[in-house]
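*Asks:* Sharing a structure, written as structure tokens. Questions coming.
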Amino acid sequence: MVATPTAHYKLENNSNDAVGSVNGTDTSITYNAGNAKIGSYGAGFASASSSKIDFGDNFDIGSGAFSLAAWFKTSTTGSYQFIIFYRDWETDR
């Protein structure tokens, strides 16, 4: 087990990495106190088709083991929604 995570995103008014330098780029994300459950601010993903945090090519999860933890709340059902989406565009896997 790794003592320090590779990245940690508190989503406290931004998508910056709290333990390293792999910051995300927000698209259609709002941060406000109304979205917060822990801390002062929380991230709001208002648009299912365009809201995202892009981390670029910084995480090569490949075929090895990895873990992800997330807290989320949704009011939308019956459609495709993703907590994580990874795709290797070069090999289309």
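*Asks:* How far apart, in nm, are two points set 7 Å out from the Cα along the Cα-to-Cβ line at ASP54 and at THR4?
*Replies:* For the pair ASP54/THR4, the computed spacing is 2.9 nm.
*Asks:* Apply the Karplus parameterisation 6.51 cos²θ - 1.76 cosθ + 1.60, with θ equal to phi minus 60°, to every residue of segment 8-13 and state each ³J(HN,Hα) to the nearest whole Hz, in sequence, with x for glycine and proline.
*Replies:* With coefficients 6.51, -1.76 and 1.60, one gets 9, 10, 7, 6, 8, 6 Hz.
*Asks:* Averaged per residue, what accessible area in Å² does segment 1-53 show with a 1.4 Å probe, protein chains only?
*Replies:* 68
*Asks:* Contour minus end-to-end for ALA18 and ALA70, with contour as 0.36 nm per residue of separation and end-to-end as the Cα-Cα distance?
*Replies:* Gain in length upon complete extension: 17.2 nm.
The values are calculated or read from the model by the stated rules, or taken from the named source; none is laboratory data. This one's a predicted model, so the numbers in the text were calculated from it and none came from an experiment. Please note: Cβ atoms are built from the backbone with ideal geometry, for glycine as well, and neighbour counts cover all protein chains shown. What goes into the accessible areas is simple: the full protein's heavy atoms, side chains included, and nothing from ligands, DNA or RNA. Shrake-Rupley method; radii C 1.70, N 1.55, O 1.52, S 1.80 Å.
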